[in-house]
1. What do you reckon, is Lys125 basic (Lys, Arg), more than 11 Å from Leu29 (Cα to Cα) and either at pLDDT below 85 or out of contact with any Cys (no Cβ under 7 Å at 6 or more places or on another chain) (or both)?
2. Given Leu82, Leu114, which one is in contact (Cβ under 8 Å) with a residue 40 or more places away in the chain, out of contact with any Ser or Thr (no Cβ under 6 Å at 6 or more places or on another chain) and not charged (D, E, K, R)?
3. Tell me, please, whether a residue that is among the polar types (S, T, N, Q) and within 17 Å of the chain's Cα centre (by Cα) can be found in the range 91-102.
4. Can you tell me which residues in the range 30-54 are in contact (Cβ under 8 Å) with a residue 40 or more places away in the chain, in contact with a helix residue (DSSP H, G or I) (Cβ under 8 Å, 6 or more places away or on another chain), not in a loop (DSSP other than H, G, I, E, B) and not polar (S, T, N, Q)?
5. Which residues, counting only those in the range 1-29, are among the β-branched types (Val, Ile, Thr), surrounded by fewer than 22 Cβ atoms within 10 Å (Cβ to Cβ) and part of a helix (DSSP H, G or I)?
6. Can Glu105 be described as farther than 11 Å from Leu29 by Cα, in contact with a Leu (Cβ under 9 Å, 6 or more places away or on another chain) and touching a residue at least 60 places away in the same chain (Cβ under 8 Å)?
7. Which pairs turn up if I take residues in the range 119-140 that are within 20 Å of Ile101 (Cα to Cα) and look for partners that are part of a loop (DSSP other than H, G, I, E, B) and hydroxyl-bearing (Ser, Thr, Tyr) with beta carbon separation below 8 Å, at least 6 apart in sequence or on another chain?
8. Does Ile72 satisfy the criteria of being among the β-branched types (Val, Ile, Thr), at pLDDT 90 or above and surrounded by 13 or more Cβ atoms within 10 Å (Cβ to Cβ)?
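The values are calculated or read from the model by the stated rules, or taken from the named source; none is laboratory data. What you see is a predicted model; the values in this text were computed from it and never measured. Cβ coordinates were reconstructed from backbone atoms using ideal geometry, including for glycine residues, and neighbour counts include every protein chain displayed.
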Amino acid sequence: MQEVICTSEIQTKMFAKNLAADLNKGDVLVLSGELGAGKTKFVEGLLMHFGLQDEISSPTFTIVNEYHNEKIDVYHFDLYRLADIYEFENIGGEEYFNKGICIFEWGELIEDILPNDYIKITFEKGAEEEQRNLKIETFGTKYENMDFAKYKE
């Protein structure tokens, strides 16, 4: 496990924007952490890399928000309101895994059916108001040699 400490909302967004430069179709991110821990701000930063930040909205009342440009499709899921893994399967959620970059807030609900390779980032509030401690775990072999500290500005 690696840990990256972001001391501001801007730094969290920039970390995500820099990480996005190395993400490709088929990459899966699971974002975990309590409400208000910075998951949606992270997604904003990731979308900045693709020029899609003006389209962001929290998918709290929809299961997935889709973002498209000429380079990539990004699928931002909020699984908070799902009752169980079967509800995700019933909406055809697994079909998204290879269509673009998938980001799952509250993704621990579906960890049993995720692809072998994915990145899990757990957001924890730090000592200072805007500080976020990002605990990053990789699963499978695809990301095991990534040094996530290099994405922090």
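1. Details: basic (Lys, Arg): yes; more than 11 Å from Leu29 (Cα to Cα): yes; either at pLDDT below 85 or out of contact with any Cys (no Cβ under 7 Å at 6 or more places or on another chain) (or both): yes.
Criteria met by Lys125.
2. The unique qualifying residue is Leu114.
3. At the first step, the residues of the range 91-102 found to be among the polar types (S, T, N, Q) are 98.
Keeping just the survivors that are within 17 Å of the chain's Cα centre (by Cα) gives 98.
Checked against the condition, which is being among the polar types (S, T, N, Q) and within 17 Å of the chain's Cα centre (by Cα), the range 91-102 yields at least one hit.
4. If the condition is that a residue be in contact (Cβ under 8 Å) with a residue 40 or more places away in the chain, in contact with a helix residue (DSSP H, G or I) (Cβ under 8 Å, 6 or more places away or on another chain), not in a loop (DSSP other than H, G, I, E, B) and not polar (S, T, N, Q), then Val30, Leu31, Phe42, Val43, Leu46 are the ones that fit.
5. Ile10 - this is the single residue of the range 1-29 that is among the β-branched types (Val, Ile, Thr), surrounded by fewer than 22 Cβ atoms within 10 Å (Cβ to Cβ) and part of a helix (DSSP H, G or I).
6. Against the criterion (farther than 11 Å from Leu29 by Cα, in contact with a Leu (Cβ under 9 Å, 6 or more places away or on another chain) and touching a residue at least 60 places away in the same chain (Cβ under 8 Å)), Glu105 does not qualify.
7. Note: pairs meeting the criteria are Ile119/Tyr143.
8. yes
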